[in-house]
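See below for the structure under consideration.
Just so it is clear, none of the values below were taken in a lab; they were calculated from the coordinates. Quick caveat, the model's predicted, so the values are computed rather than measured. Methodologically, a virtual Cβ is constructed for each residue, glycine included, from the backbone with ideal geometry; neighbour enumeration extends over all protein chains shown.
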Amino acid sequence: MKRLEGKVAIVTGGARGIGSAICEAFAAAGAKVAVADLLEDDAEATAKVIGGLAVKVDVTDLASIASGVAEVEAAWGGIDVLVNNAGVFNMASLDKITVEDYRRQYDINVGGTIFAAQAVVPSMKRRGGGAIVNFASQAGRRGEPNIAIYCSTKAAVISVTQSLALELAKDNIRVNAIAPGVIDTPMWKHVDAQFAEYENKPIGQKKREVGEAVPLGRMGDPKDVADPCVFLASDEARYITAQTLNVDGGNWMS
């Protein structure tokens, strides 16, 4: 039997990058997968590849989240697994931080995690339990210059994971998180460009540097993150909750 056979999963930010890799890994493990994203065309493309369902979801909009959850429940009867992968990154030195960017990063990275869980948990309770996997970051383990907002949102995700895990344990709902290190996704083009501006480096140099600095000697691949996510969502992790798993090639030790 496949590890996620008979499970229904919804993956926010599932259209591209790490999210798409998770959707593919979940489908390969036997799950029915809903690709929840604002990028409708990319979500449809990913859903087509895996034989899943594309649902338009804006994690900053409670009505949109509720609509997406209802669509998945109508299609497959309920939800067993939620992956809170939707997230954004932006750099800004203290003098350049704006209220708008502060709110956007917190609304998506933290609020999206909380309110997606809020919308999905009733379905999990009706099914006798479930698993939630949130996405933090190695940036949530320590501060970094010019990334105060992003780092703090990911630290908040770790804290939210612990609190929800304790609250939902009585309902047989496990809540864990993954803290990826530097993962080679399309998002890194944006990240690298921002580091180039703030650290006065040529485009591509920061990406090379961070890869070379990883103890395992390379940037991660999205599949390096997707496979541990399958484990945390599966019954093999039945006695694991309130934990944040570092998937970073050895960058952070805890």
If unit charges are put on Cβ atoms (+1 for Lys and Arg, -1 for Asp and Glu) and the dipole of segment 119-216 is taken about its Cα centre, the option from Asn200, Asn172, Pro145 lying farthest towards the positive end turns out to be Asn172
So, counting K/R as plus one and D/E as minus one, what does the shell of residues with Cβ under 11 Å around Asp171 add up to? +4
For the chain, what does the alpha-carbon gyration tensor say about shape, rounded, prolate or oblate, given a ≥ b ≥ c as the root eigenvalues, a/c under 1.5 as rounded, and a/b over b/c as prolate? prolate
If I model a spin label as a point 7 Å beyond the Cα along the Cα-Cβ vector, how far apart are those points for Met253 and Gln118 in nm? 4.1
Shape call, segment 37-79: gyration tensor on alpha carbons, a/c limit 1.5: oblate
Chymotrypsin sites (Phe, Trp or Tyr not before Pro) within segment 199-254: which are DSSP loop residues with at most 11 other Cβ atoms inside 10 Å? Tyr239
7 Å from Cα along Cα→Cβ at both Tyr102 and Glu144: what's the point-to-point distance in nm? 2.2
Can you pull the one-decimal nm distance between simple spin-label points at His190 and Asp171, each 7 Å off the Cα toward Cβ? 3.1
For the chain, which longest stretch is free of loop sites, where a loop site is one of the trypsin sites (Lys or Arg not before Pro) that DSSP puts outside H, G, I, E and B and that has at most 11 other Cβ atoms within 10 Å? 1-141
Per the rule of 0.36 nm per residue minus the C-alpha distance, extending Asp227 to Asn200 adds in nm 6.2 nm
Longer than 22 Å from Cα to Cα, which of Lys189/Lys223; Lys7/Lys170; Lys7/Lys125; Lys48/Lys189 are they? Say none if no pair is. Lys48/Lys189
